[in-house]
1. Just checking: which of the helices (runs of 4 or more DSSP H) contained wholly in the chain hold 1 or more residues that are in contact (Cβ under 8 Å) with a residue 60 or more places away in the chain and either surrounded by 12 or more Cβ atoms within 10 Å (Cβ to Cβ) or more than 12 Å from the chain's Cα centre (by Cα) (or both)?
2. Can we say residue 20 is at pLDDT below 95 and either out of contact with any strand residue (DSSP E or B) (no Cβ under 8 Å at 6 or more places or on another chain) or under 14 Å from residue 73 (Cα atoms) (or both)?
C-alpha cells in the first residue's frame, strides 16, 4: 500500500531507534471505518447490522501485521503506551 510504503520509508530515513513512520492503527476503530469506506463498506448498516465480512477483517489485520513486520508502524509494546493525549 502507498501509506505502508511511505511509513516504512519514514522509519528508515529517521535512523532513530524506536521511531516509526506511523502508529499501529490495527485496533483503531475510526481508522477501520475509513478503510472500509474506501472499499464501499461500513462498520454497520443502516439497519444496525455488521457492514463488512470476514474477508475485509482478514485484509485489515493482514495489513497491520505487515506494517509491524516492516517496522513501518509502532511495535505493540510502544503502541500500548499511547493514551490518546
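The values are calculated or read from the model by the stated rules, or taken from the named source; none is laboratory data. Everything quoted here is computed from the prediction, not taken from an experiment. Neighbour counts are summed over all protein chains in view; Cβ atoms, including those assigned to glycine, are modelled from backbone coordinates with ideal geometry.
1. 2-14, 54-70, 76-79
2. yes
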